[in-house]
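Everything below concerns the one structure shown next.
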Amino acid sequence: MTTKQQRRFPDDFMFGTATASYQIEGGWNEDGKSENIWDHMTHTNPTVIKDQSNGDIAADTYHNYKRDVEMMRELGLDAYRFSLSWSRILPDGFSNRINEAGVSFYNNYIDEMLKYGITPMITLYHWDLPQKLQDLGGFLNPLFPEWFEDYARVVYEQFGDRVKYWITFNEPREVCYQGYDSYTLAPILNATGIGAYLCAKHLVLAHARAYYAYKNEYAGEEGICGITYAVTWMAPETDSEEDEFAADLKRQADWGIYSEPIFSEEGGFPKDLKKLVDQKSAEQGYSKSRMPEFTDEERDFVKGSADFFGINHYTAQIVSAKENLEEHPVPSVYDDINVGIIAVDEWLPSASSWLKQAPDSLLSVLMNIKDKYNNPMVYITENGWSTTPEAGLIDDDRVRYYRAALENVLDALEAGVNLKGYMAWSLMDNFEWMQGYTERFGLYEVDFEDPLRTRRPRKSAFVYKQILKTRVVDHDYEPDSMTMTIDDGH
(Lines give C-alpha, C1' and ligand atoms only; values in the text may rest on other atoms or scores of the structure.)
Protein backbone atom coordinates (compact mmCIF):
# COMPACT_ATOMS: atom_id res chain seq x y z
CA MET A 1 0.00 0.00 0.00
CA THR A 2 1.26 3.49 -0.86
CA THR A 3 1.87 5.60 2.22
CA LYS A 4 0.96 9.27 2.24
CA GLN A 5 4.65 10.14 2.09
CA GLN A 6 5.16 8.55 -1.32
CA ARG A 7 2.53 10.51 -3.19
CA ARG A 8 4.20 12.41 -5.99
CA PHE A 9 3.51 15.81 -7.49
CA PRO A 10 3.10 15.58 -11.28
CA ASP A 11 6.27 16.41 -13.22
CA ASP A 12 4.52 19.35 -14.90
CA PHE A 13 3.23 20.78 -11.61
CA MET A 14 4.75 24.28 -11.36
CA PHE A 15 6.60 25.10 -8.14
CA GLY A 16 7.77 28.62 -7.40
CA THR A 17 7.96 31.46 -4.93
CA ALA A 18 6.28 34.87 -4.91
CA THR A 19 7.17 38.47 -4.04
CA ALA A 20 5.78 41.99 -4.58
CA SER A 21 7.54 45.06 -5.98
CA TYR A 22 7.14 47.51 -3.09
CA GLN A 23 8.10 44.85 -0.55
CA ILE A 24 11.46 43.95 -2.10
CA GLU A 25 12.67 46.40 -4.74
CA GLY A 26 13.83 49.52 -2.92
CA GLY A 27 15.22 52.16 -5.29
CA TRP A 28 12.06 54.08 -4.45
CA ASN A 29 13.01 57.23 -6.37
CA GLU A 30 15.86 56.00 -8.54
CA ASP A 31 16.18 56.29 -12.30
CA GLY A 32 12.96 58.20 -12.87
CA LYS A 33 10.58 56.18 -10.69
CA SER A 34 7.81 58.36 -9.23
CA GLU A 35 6.05 58.14 -5.88
CA ASN A 36 3.45 55.43 -5.24
CA ILE A 37 0.82 55.33 -2.50
CA TRP A 38 3.11 53.41 -0.13
CA ASP A 39 6.01 55.83 -0.67
CA HIS A 40 3.61 58.69 -0.02
CA MET A 41 2.00 57.19 3.07
CA THR A 42 5.21 56.00 4.75
CA HIS A 43 6.94 59.35 4.13
CA THR A 44 4.07 61.62 5.18
CA ASN A 45 2.55 59.45 7.92
CA PRO A 46 5.31 57.10 9.16
CA THR A 47 3.64 56.25 12.46
CA VAL A 48 1.06 54.06 10.69
CA ILE A 49 3.85 51.47 10.22
CA LYS A 50 4.50 49.37 13.32
CA ASP A 51 8.27 50.03 13.40
CA GLN A 52 8.02 53.33 11.46
CA SER A 53 10.03 51.79 8.61
CA ASN A 54 9.35 51.90 4.87
CA GLY A 55 10.22 50.22 1.58
CA ASP A 56 12.69 52.85 0.39
CA ILE A 57 15.43 50.21 0.26
CA ALA A 58 13.64 47.04 1.46
CA ALA A 59 15.59 43.97 0.24
CA ASP A 60 17.13 46.20 -2.46
CA THR A 61 16.25 43.87 -5.32
CA TYR A 62 16.72 46.86 -7.62
CA HIS A 63 20.46 46.36 -7.13
CA ASN A 64 20.43 42.66 -6.20
CA TYR A 65 18.23 41.04 -8.85
CA LYS A 66 21.01 38.67 -9.97
CA ARG A 67 21.32 37.34 -6.44
CA ASP A 68 17.52 36.86 -6.37
CA VAL A 69 17.73 34.72 -9.50
CA GLU A 70 20.67 32.81 -8.02
CA MET A 71 18.42 31.97 -5.05
CA MET A 72 15.70 30.77 -7.44
CA ARG A 73 18.32 28.50 -9.02
CA GLU A 74 19.51 27.25 -5.63
CA LEU A 75 15.95 26.25 -4.79
CA GLY A 76 15.39 24.68 -8.21
CA LEU A 77 12.26 26.75 -8.89
CA ASP A 78 10.17 26.15 -12.00
CA ALA A 79 8.65 29.64 -11.79
CA TYR A 80 8.84 32.96 -10.01
CA ARG A 81 5.88 35.24 -9.39
CA PHE A 82 6.72 38.92 -8.96
CA SER A 83 4.93 42.22 -9.49
CA LEU A 84 5.75 45.33 -11.47
CA SER A 85 5.91 48.83 -10.04
CA TRP A 86 3.46 50.88 -12.13
CA SER A 87 5.22 54.12 -11.09
CA ARG A 88 8.62 52.74 -12.13
CA ILE A 89 7.34 52.05 -15.65
CA LEU A 90 4.91 54.99 -16.05
CA PRO A 91 6.05 57.81 -13.72
CA ASP A 92 3.00 59.94 -14.56
CA GLY A 93 0.65 56.99 -14.07
CA PHE A 94 -0.48 57.44 -17.68
CA SER A 95 0.99 55.90 -20.81
CA ASN A 96 2.20 59.26 -22.18
CA ARG A 97 5.72 58.71 -20.86
CA ILE A 98 7.45 55.36 -20.51
CA ASN A 99 10.45 55.28 -18.18
CA GLU A 100 13.10 53.36 -20.11
CA ALA A 101 15.25 52.74 -17.02
CA GLY A 102 12.32 51.04 -15.29
CA VAL A 103 11.56 48.91 -18.34
CA SER A 104 15.24 48.02 -18.59
CA PHE A 105 15.32 46.83 -14.94
CA TYR A 106 12.43 44.43 -15.54
CA ASN A 107 13.86 43.27 -18.87
CA ASN A 108 17.11 42.37 -17.12
CA TYR A 109 15.25 40.57 -14.31
CA ILE A 110 13.08 38.59 -16.77
CA ASP A 111 16.02 37.72 -19.04
CA GLU A 112 18.09 36.55 -16.06
CA MET A 113 15.28 34.15 -15.06
CA LEU A 114 14.82 32.86 -18.58
CA LYS A 115 18.56 32.30 -18.94
CA TYR A 116 18.23 29.62 -16.25
CA GLY A 117 14.91 28.13 -17.32
CA ILE A 118 12.80 29.85 -14.68
CA THR A 119 9.31 30.85 -15.86
CA PRO A 120 8.33 34.43 -14.95
CA MET A 121 4.77 34.99 -13.72
CA ILE A 122 3.96 38.69 -13.53
CA THR A 123 1.41 40.46 -11.35
CA LEU A 124 0.43 43.78 -12.91
CA TYR A 125 -0.82 45.32 -9.66
CA HIS A 126 0.25 44.41 -6.13
CA TRP A 127 -1.02 47.42 -4.15
CA ASP A 128 1.40 50.18 -5.22
CA LEU A 129 -0.69 52.65 -7.24
CA PRO A 130 1.13 55.73 -8.58
CA GLN A 131 0.33 58.57 -6.18
CA LYS A 132 -0.52 60.79 -9.17
CA LEU A 133 -3.47 58.48 -9.95
CA GLN A 134 -4.48 58.33 -6.30
CA ASP A 135 -4.67 62.13 -6.34
CA LEU A 136 -7.32 61.72 -9.05
CA GLY A 137 -9.33 59.30 -6.92
CA GLY A 138 -7.50 56.06 -7.68
CA PHE A 139 -9.82 53.05 -7.82
CA LEU A 140 -12.84 55.22 -6.98
CA ASN A 141 -12.55 57.14 -10.24
CA PRO A 142 -14.81 55.55 -12.90
CA LEU A 143 -12.00 56.14 -15.43
CA PHE A 144 -9.72 53.78 -13.50
CA PRO A 145 -10.44 50.78 -15.79
CA GLU A 146 -9.16 52.79 -18.77
CA TRP A 147 -6.00 53.85 -16.91
CA PHE A 148 -5.32 50.26 -15.95
CA GLU A 149 -5.83 48.95 -19.47
CA ASP A 150 -3.41 51.56 -20.82
CA TYR A 151 -0.79 50.52 -18.27
CA ALA A 152 -1.37 46.82 -19.01
CA ARG A 153 -0.91 47.39 -22.75
CA VAL A 154 2.43 49.14 -22.21
CA VAL A 155 3.56 46.20 -20.08
CA TYR A 156 2.39 43.52 -22.56
CA GLU A 157 4.15 45.44 -25.33
CA GLN A 158 7.42 45.53 -23.39
CA PHE A 159 7.48 42.04 -21.85
CA GLY A 160 4.74 39.96 -23.47
CA ASP A 161 7.12 38.36 -26.00
CA ARG A 162 8.81 36.46 -23.12
CA VAL A 163 6.22 36.38 -20.34
CA LYS A 164 3.23 34.03 -20.78
CA TYR A 165 1.72 33.99 -17.26
CA TRP A 166 -0.10 37.12 -16.08
CA ILE A 167 -2.10 38.13 -13.02
CA THR A 168 -4.01 41.40 -13.21
CA PHE A 169 -4.66 42.17 -9.52
CA ASN A 170 -3.34 40.77 -6.30
CA GLU A 171 -5.96 40.45 -3.55
CA PRO A 172 -8.85 42.77 -4.44
CA ARG A 173 -10.27 42.71 -0.90
CA GLU A 174 -7.03 44.09 0.47
CA VAL A 175 -7.00 46.79 -2.22
CA CYS A 176 -10.65 47.77 -1.87
CA TYR A 177 -11.73 46.96 1.66
CA GLN A 178 -8.46 47.59 3.50
CA GLY A 179 -7.32 50.52 1.37
CA TYR A 180 -10.59 52.34 0.68
CA ASP A 181 -13.14 51.12 3.24
CA SER A 182 -10.82 50.92 6.22
CA TYR A 183 -7.44 52.26 7.35
CA THR A 184 -5.38 49.06 7.42
CA LEU A 185 -3.54 49.52 4.09
CA ALA A 186 -2.57 52.43 1.82
CA PRO A 187 -4.16 54.78 0.87
CA ILE A 188 -6.04 54.46 4.23
CA LEU A 189 -9.08 56.34 2.96
CA ASN A 190 -11.58 54.78 5.37
CA ALA A 191 -14.55 55.61 3.10
CA THR A 192 -16.42 53.01 5.09
CA GLY A 193 -19.42 51.19 3.61
CA ILE A 194 -19.01 52.84 0.22
CA GLY A 195 -15.34 52.71 -0.80
CA ALA A 196 -15.05 48.92 -1.04
CA TYR A 197 -18.15 48.52 -3.22
CA LEU A 198 -17.23 51.29 -5.66
CA CYS A 199 -13.65 50.03 -5.83
CA ALA A 200 -14.89 46.46 -6.41
CA LYS A 201 -16.85 47.42 -9.51
CA HIS A 202 -14.03 49.47 -11.01
CA LEU A 203 -11.44 46.81 -10.19
CA VAL A 204 -13.28 43.96 -11.91
CA LEU A 205 -13.98 46.15 -14.95
CA ALA A 206 -10.29 47.09 -15.07
CA HIS A 207 -9.35 43.43 -14.79
CA ALA A 208 -11.63 42.49 -17.69
CA ARG A 209 -10.25 45.23 -19.91
CA ALA A 210 -6.66 44.14 -19.24
CA TYR A 211 -7.63 40.50 -19.75
CA TYR A 212 -9.22 41.03 -23.17
CA ALA A 213 -6.41 43.33 -24.31
CA TYR A 214 -3.99 40.51 -23.52
CA LYS A 215 -6.01 37.63 -24.97
CA ASN A 216 -7.01 39.44 -28.16
CA GLU A 217 -3.67 41.00 -29.01
CA TYR A 218 -0.70 39.53 -27.12
CA ALA A 219 -1.38 36.04 -25.76
CA GLY A 220 -0.75 33.94 -28.85
CA GLU A 221 -1.29 30.22 -28.35
CA GLU A 222 0.16 29.78 -24.87
CA GLY A 223 -0.31 33.04 -22.91
CA ILE A 224 -2.72 32.96 -19.96
CA CYS A 225 -4.10 35.66 -17.68
CA GLY A 226 -5.94 35.39 -14.36
CA ILE A 227 -6.55 37.22 -11.09
CA THR A 228 -5.53 36.39 -7.52
CA TYR A 229 -7.72 36.46 -4.40
CA ALA A 230 -6.82 36.18 -0.72
CA VAL A 231 -8.99 33.21 0.26
CA THR A 232 -9.13 32.57 3.98
CA TRP A 233 -11.23 29.48 4.68
CA MET A 234 -14.48 30.47 6.42
CA ALA A 235 -15.80 27.51 8.41
CA PRO A 236 -19.23 27.65 10.11
CA GLU A 237 -19.14 27.30 13.91
CA THR A 238 -21.87 24.64 13.79
CA ASP A 239 -23.63 22.86 10.95
CA SER A 240 -26.79 24.92 11.54
CA GLU A 241 -28.27 26.70 8.54
CA GLU A 242 -27.66 30.08 10.18
CA ASP A 243 -23.95 29.44 10.70
CA GLU A 244 -23.54 27.98 7.21
CA PHE A 245 -25.16 31.10 5.78
CA ALA A 246 -23.00 33.38 7.98
CA ALA A 247 -19.82 31.65 6.76
CA ASP A 248 -20.95 31.96 3.16
CA LEU A 249 -21.76 35.67 3.64
CA LYS A 250 -18.26 36.25 5.00
CA ARG A 251 -16.81 34.51 1.92
CA GLN A 252 -18.99 36.72 -0.31
CA ALA A 253 -17.86 39.91 1.46
CA ASP A 254 -14.16 39.00 1.49
CA TRP A 255 -13.62 37.55 -1.98
CA GLY A 256 -16.93 36.59 -3.62
CA ILE A 257 -17.70 40.23 -4.41
CA TYR A 258 -14.60 40.20 -6.66
CA SER A 259 -14.81 36.61 -7.95
CA GLU A 260 -18.55 36.20 -8.66
CA PRO A 261 -18.59 38.83 -11.44
CA ILE A 262 -15.79 36.92 -13.25
CA PHE A 263 -16.26 33.24 -12.38
CA SER A 264 -19.98 32.68 -11.67
CA GLU A 265 -22.43 31.65 -14.37
CA GLU A 266 -24.74 34.62 -13.74
CA GLY A 267 -22.06 37.29 -13.30
CA GLY A 268 -22.55 40.41 -11.20
CA PHE A 269 -22.13 40.79 -7.44
CA PRO A 270 -23.07 37.93 -5.05
CA LYS A 271 -26.86 37.86 -4.65
CA ASP A 272 -27.17 37.42 -0.87
CA LEU A 273 -24.68 40.18 -0.15
CA LYS A 274 -26.26 42.52 -2.70
CA LYS A 275 -29.70 41.96 -1.19
CA LEU A 276 -28.39 42.80 2.30
CA VAL A 277 -26.56 45.94 1.17
CA ASP A 278 -29.59 47.12 -0.82
CA GLN A 279 -31.84 46.59 2.20
CA LYS A 280 -29.50 48.25 4.72
CA SER A 281 -28.84 51.20 2.39
CA ALA A 282 -32.60 51.84 2.19
CA GLU A 283 -32.94 51.58 6.00
CA GLN A 284 -30.00 53.99 6.41
CA GLY A 285 -31.71 56.62 4.25
CA TYR A 286 -29.59 56.40 1.08
CA SER A 287 -31.41 57.28 -2.13
CA LYS A 288 -30.04 54.10 -3.72
CA SER A 289 -27.92 51.12 -2.76
CA ARG A 290 -24.35 51.71 -1.64
CA MET A 291 -23.43 48.75 -3.86
CA PRO A 292 -23.34 49.94 -7.48
CA GLU A 293 -25.08 48.03 -10.26
CA PHE A 294 -23.46 46.50 -13.32
CA THR A 295 -25.19 47.31 -16.59
CA ASP A 296 -26.12 44.19 -18.60
CA GLU A 297 -23.29 45.02 -20.97
CA GLU A 298 -20.74 45.34 -18.12
CA ARG A 299 -21.94 42.12 -16.51
CA ASP A 300 -21.50 40.18 -19.77
CA PHE A 301 -18.14 41.82 -20.44
CA VAL A 302 -16.66 40.81 -17.06
CA LYS A 303 -18.16 37.32 -16.92
CA GLY A 304 -15.63 34.65 -17.93
CA SER A 305 -12.71 37.08 -18.20
CA ALA A 306 -10.04 34.84 -16.62
CA ASP A 307 -8.04 31.76 -17.58
CA PHE A 308 -7.31 30.80 -13.99
CA PHE A 309 -8.28 31.52 -10.39
CA GLY A 310 -5.27 32.55 -8.29
CA ILE A 311 -5.44 31.72 -4.59
CA ASN A 312 -3.40 33.35 -1.83
CA HIS A 313 -4.10 31.19 1.19
CA TYR A 314 -2.76 31.33 4.73
CA THR A 315 -5.32 30.48 7.38
CA ALA A 316 -8.98 29.96 8.39
CA GLN A 317 -11.67 31.61 10.50
CA ILE A 318 -14.62 30.14 12.37
CA VAL A 319 -17.78 32.12 11.59
CA SER A 320 -20.93 32.35 13.69
CA ALA A 321 -24.32 33.92 13.00
CA LYS A 322 -24.93 34.80 16.68
CA GLU A 323 -21.75 34.47 18.76
CA ASN A 324 -19.02 37.09 19.13
CA LEU A 325 -20.82 39.76 17.10
CA GLU A 326 -18.82 42.98 17.14
CA GLU A 327 -19.77 46.61 16.71
CA HIS A 328 -18.67 47.86 13.29
CA PRO A 329 -18.93 51.38 11.86
CA VAL A 330 -22.29 52.10 10.23
CA PRO A 331 -22.31 51.80 7.30
CA SER A 332 -19.51 49.30 6.61
CA VAL A 333 -18.98 46.00 4.84
CA TYR A 334 -18.83 44.08 8.12
CA ASP A 335 -21.86 45.86 9.57
CA ASP A 336 -23.67 44.88 6.36
CA ILE A 337 -23.02 41.15 6.93
CA ASN A 338 -23.00 41.26 10.77
CA VAL A 339 -21.35 37.91 11.57
CA GLY A 340 -19.07 36.85 14.43
CA ILE A 341 -15.56 35.37 14.32
CA ILE A 342 -14.62 32.74 16.93
CA ALA A 343 -10.96 32.43 18.00
CA VAL A 344 -9.46 28.93 18.09
CA ASP A 345 -6.79 28.72 20.79
CA GLU A 346 -5.60 25.26 19.71
CA TRP A 347 -4.34 26.46 16.30
CA LEU A 348 -0.59 27.10 16.33
CA PRO A 349 0.24 30.83 16.11
CA SER A 350 2.76 32.55 13.81
CA ALA A 351 4.42 35.94 14.29
CA SER A 352 1.36 37.56 12.60
CA SER A 353 -1.71 38.10 14.77
CA TRP A 354 -4.04 36.99 11.93
CA LEU A 355 -2.11 33.86 10.91
CA LYS A 356 -2.57 30.51 12.63
CA GLN A 357 -2.07 27.02 11.26
CA ALA A 358 -5.61 25.74 10.70
CA PRO A 359 -6.02 22.04 9.85
CA ASP A 360 -6.73 21.28 6.18
CA SER A 361 -7.75 24.88 5.45
CA LEU A 362 -6.05 24.91 2.04
CA LEU A 363 -7.86 21.73 1.00
CA SER A 364 -11.20 23.22 2.12
CA VAL A 365 -10.58 26.32 -0.03
CA LEU A 366 -9.55 24.31 -3.09
CA MET A 367 -12.60 22.03 -2.85
CA ASN A 368 -14.93 25.00 -2.34
CA ILE A 369 -13.67 26.75 -5.49
CA LYS A 370 -13.80 23.51 -7.49
CA ASP A 371 -17.46 23.00 -6.54
CA LYS A 372 -18.52 26.65 -6.69
CA TYR A 373 -17.04 27.56 -10.08
CA ASN A 374 -17.12 24.29 -12.00
CA ASN A 375 -13.47 23.33 -11.38
CA PRO A 376 -11.59 26.25 -12.95
CA MET A 377 -7.85 26.15 -13.53
CA VAL A 378 -6.21 27.16 -10.23
CA TYR A 379 -2.78 28.35 -9.16
CA ILE A 380 -1.85 28.78 -5.51
CA THR A 381 -0.10 32.11 -5.92
CA GLU A 382 0.86 32.59 -2.25
CA ASN A 383 1.06 30.39 0.82
CA GLY A 384 3.39 30.99 3.73
CA TRP A 385 4.22 31.48 7.39
CA SER A 386 5.72 34.32 9.44
CA THR A 387 8.39 34.23 12.11
CA THR A 388 9.91 36.98 14.26
CA PRO A 389 13.16 38.72 13.25
CA GLU A 390 14.85 36.91 16.16
CA ALA A 391 13.78 33.44 15.03
CA GLY A 392 16.87 32.94 12.89
CA LEU A 393 17.52 30.24 10.32
CA ILE A 394 16.04 27.16 12.01
CA ASP A 395 12.37 27.71 11.20
CA ASP A 396 10.81 24.36 12.07
CA ASP A 397 7.35 25.90 12.44
CA ARG A 398 7.51 27.15 8.81
CA VAL A 399 8.70 23.70 7.67
CA ARG A 400 5.76 22.10 9.49
CA TYR A 401 3.34 24.58 7.92
CA TYR A 402 4.62 24.03 4.36
CA ARG A 403 4.57 20.25 4.67
CA ALA A 404 0.96 20.31 5.91
CA ALA A 405 -0.07 22.70 3.11
CA LEU A 406 1.62 20.59 0.44
CA GLU A 407 -0.11 17.44 1.74
CA ASN A 408 -3.34 19.39 1.16
CA VAL A 409 -2.18 20.14 -2.38
CA LEU A 410 -1.68 16.41 -2.98
CA ASP A 411 -5.13 15.71 -1.47
CA ALA A 412 -6.65 18.29 -3.84
CA LEU A 413 -4.90 16.83 -6.89
CA GLU A 414 -6.21 13.38 -5.93
CA ALA A 415 -9.71 14.85 -5.60
CA GLY A 416 -9.54 16.15 -9.18
CA VAL A 417 -8.96 19.85 -8.48
CA ASN A 418 -7.58 21.48 -11.65
CA LEU A 419 -4.56 22.80 -9.76
CA LYS A 420 -1.49 23.64 -11.84
CA GLY A 421 1.04 25.22 -9.51
CA TYR A 422 2.11 26.44 -6.07
CA MET A 423 4.06 29.59 -5.16
CA ALA A 424 5.53 29.82 -1.66
CA TRP A 425 5.40 33.24 0.02
CA SER A 426 8.06 34.38 0.05
CA LEU A 427 11.42 33.96 -1.64
CA MET A 428 12.98 36.25 0.98
CA ASP A 429 12.16 38.49 3.91
CA ASN A 430 10.66 41.80 2.88
CA PHE A 431 8.75 44.88 4.00
CA GLU A 432 5.59 43.40 5.52
CA TRP A 433 3.27 46.35 4.83
CA MET A 434 1.85 47.89 8.04
CA GLN A 435 4.02 45.55 10.14
CA GLY A 436 7.24 46.89 8.61
CA TYR A 437 10.14 44.51 9.29
CA THR A 438 8.66 43.02 12.48
CA GLU A 439 7.40 39.89 10.68
CA ARG A 440 9.46 37.70 8.34
CA PHE A 441 8.00 35.43 5.65
CA GLY A 442 11.16 34.48 3.71
CA LEU A 443 12.61 31.13 2.80
CA TYR A 444 15.76 33.28 2.79
CA GLU A 445 16.60 35.57 5.68
CA VAL A 446 17.57 39.13 4.67
CA ASP A 447 19.93 41.12 6.88
CA PHE A 448 18.27 44.55 6.82
CA GLU A 449 21.10 46.02 8.94
CA ASP A 450 23.65 45.15 6.26
CA PRO A 451 23.89 47.74 3.42
CA LEU A 452 24.36 44.78 1.04
CA ARG A 453 21.10 43.17 2.25
CA THR A 454 22.79 39.76 2.50
CA ARG A 455 20.45 36.81 1.96
CA ARG A 456 20.89 33.45 3.73
CA PRO A 457 18.76 30.32 3.31
CA ARG A 458 16.66 29.14 6.23
CA LYS A 459 16.03 25.48 6.97
CA SER A 460 12.69 25.82 5.14
CA ALA A 461 14.59 26.71 1.95
CA PHE A 462 16.43 23.36 2.07
CA VAL A 463 13.21 21.47 2.77
CA TYR A 464 11.37 23.23 -0.07
CA LYS A 465 14.30 22.51 -2.40
CA GLN A 466 14.14 18.80 -1.49
CA ILE A 467 10.38 18.68 -2.19
CA LEU A 468 10.89 20.32 -5.61
CA LYS A 469 13.74 17.97 -6.47
CA THR A 470 12.03 14.72 -5.41
CA ARG A 471 8.39 15.80 -6.04
CA VAL A 472 7.57 14.18 -2.69
CA VAL A 473 6.84 15.55 0.81
CA ASP A 474 9.25 13.63 3.05
CA HIS A 475 8.40 14.44 6.67
CA ASP A 476 11.63 12.84 7.92
CA TYR A 477 14.00 14.78 5.69
CA GLU A 478 16.59 16.85 7.54
CA PRO A 479 19.15 18.92 5.60
CA ASP A 480 22.67 17.64 6.35
CA SER A 481 24.19 21.10 6.02
CA MET A 482 22.95 24.65 5.72
CA THR A 483 25.06 25.48 2.66
CA MET A 484 23.01 26.10 -0.45
CA THR A 485 24.36 25.07 -3.86
CA ILE A 486 22.95 25.12 -7.36
CA ASP A 487 22.07 21.78 -8.92
CA ASP A 488 23.41 21.77 -12.45
CA GLY A 489 20.67 19.39 -13.50
CA HIS A 490 17.98 22.08 -13.28
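The values are calculated or read from the model by the stated rules, or taken from the named source; none is laboratory data. Everything quoted here is computed from the prediction, not taken from an experiment. Virtual Cβ from ideal backbone geometry, glycine too; neighbours counted across all protein chains shown. Surface accessibility is based on the protein's heavy atoms, side chains included, excluding ligands, DNA and RNA. Shrake-Rupley method; radii C 1.70, N 1.55, O 1.52, S 1.80 Å.
Take the alpha carbon gyration tensor of the chain, find the square roots of its eigenvalues, order them as a ≥ b ≥ c, and report rounded if a/c is under 1.5; if not, report prolate when a/b exceeds b/c, else oblate.
Note, shape of the chain comes out rounded.
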Is there a pair in Lys66/Lys420; Lys33/Lys372; Lys250/Lys288; Lys50/Lys356 whose C-alpha atoms are over 32 Å apart, and which pairs would that be?
Lys33/Lys372
For the stretch 371-472, what is the relative contact order in percent, using Cα pairs closer than 8 Å and at least 6 residues apart in sequence?
31
Rounded percent of accessible protein surface that carbon and sulfur make up, the chain, 1.4 Å probe
47
Using all C-alpha to C-alpha distances in the stretch 298-346, build P(r) with 5 Å bins and read off the rounded percent in each one.
5, 15, 15, 13, 13, 16, 15, 7, 2, 0
For the chain, what is the charge dipole size about the Cα centre, in debye to the nearest 20, if Lys and Arg each add +1 at the Cβ and Asp and Glu each add -1 at the Cβ?
600
Taking the stretch 1-97 and dividing mean pair separation by its residue count, relative contact order in percent (alpha carbons under 8 Å, at least six apart):
40
In Å, the Kirkwood estimate of hydrodynamic radius for the stretch 135-226 over Cα pairs equals 13.8
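Could you work out the relative contact order of the chain? I mean the mean sequence separation of Cα pairs under 8 Å and 6+ apart, divided by the number of residues, in percent.
Reported relative contact order: 18 percent.
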For the chain, cysteines whose Cβ has no other cysteine Cβ within reach (under 4.7 Å)
Cys225
Name the long-range amide H neighbours of Gln317: under 5 Å, sequence gap of 5 or more, or other chain; modelled H, no Pro or chain starts.
Trp233, Met234, Ala235
At a probe size of 1.4 Å, how large is the accessible area of Asp12, to the nearest 10 Å²?
130
Whole angstrom only: what separates the Cα centroid of the stretch 293-329 from the Cα centroid of the stretch 119-159?
22
Can you give the Kirkwood hydrodynamic radius for the stretch 204-300, in Å, rounded to one decimal and based on Cα pairs?
15.6
Total charge of the residues flanking Asn29 in space, meaning their Cβ is under 12 Å from its Cβ, with Lys and Arg +1 and Asp and Glu -1, is -4
Cβ-based charge dipole, the stretch 1-151, positive-most Cα from Asn99, Gly138, Ile49:
Ile49
Might you work out the accessible area of Arg173 for me, using a 1.4 Å probe with all protein chains in place, and round it to the nearest 10 Å²?
40
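Excluding ligands, DNA and RNA, what is the solvent-accessible area per residue of the chain at a probe of 1.4 Å, expressed in Å²?
Result: 38 Å² of accessible area for each residue.
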Can I get the semi-axes of the stretch 314-428's equivalent ellipsoid? Compute them from the C-alpha gyration tensor as square roots of 5 times the eigenvalues, in angstrom, largest first.
26, 23, 13
Does the stretch 1-109 come out rounded, prolate or oblate, given a ≥ b ≥ c as the square roots of the eigenvalues of its C-alpha gyration tensor, rounded meaning a/c under 1.5 and, failing that, prolate meaning a/b above b/c?
prolate
Answer rounded, prolate or oblate for the stretch 270-362, using the Cα gyration tensor with square roots of eigenvalues a ≥ b ≥ c: rounded when a/c is under 1.5, else prolate when a/b is larger than b/c, else oblate.
oblate
Proximal charge balance of Glu382 [Cβ under 10 Å; K/R count +1, D/E count -1]
0
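Among the GluC sites (Glu not before Pro) in the stretch 426-459, which ones are in a DSSP loop with at most 12 other Cβ atoms within 10 Å of the Cβ? Mind listing them?
Glu449
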Rounded to whole angstrom, the alpha-carbon centroid of the stretch 439-490 lies from that of the stretch 29-85 at a distance of 20
Roll a 1.4 Å probe over the protein heavy atoms and report the accessible area of Thr388 in Å², nearest 10.
60
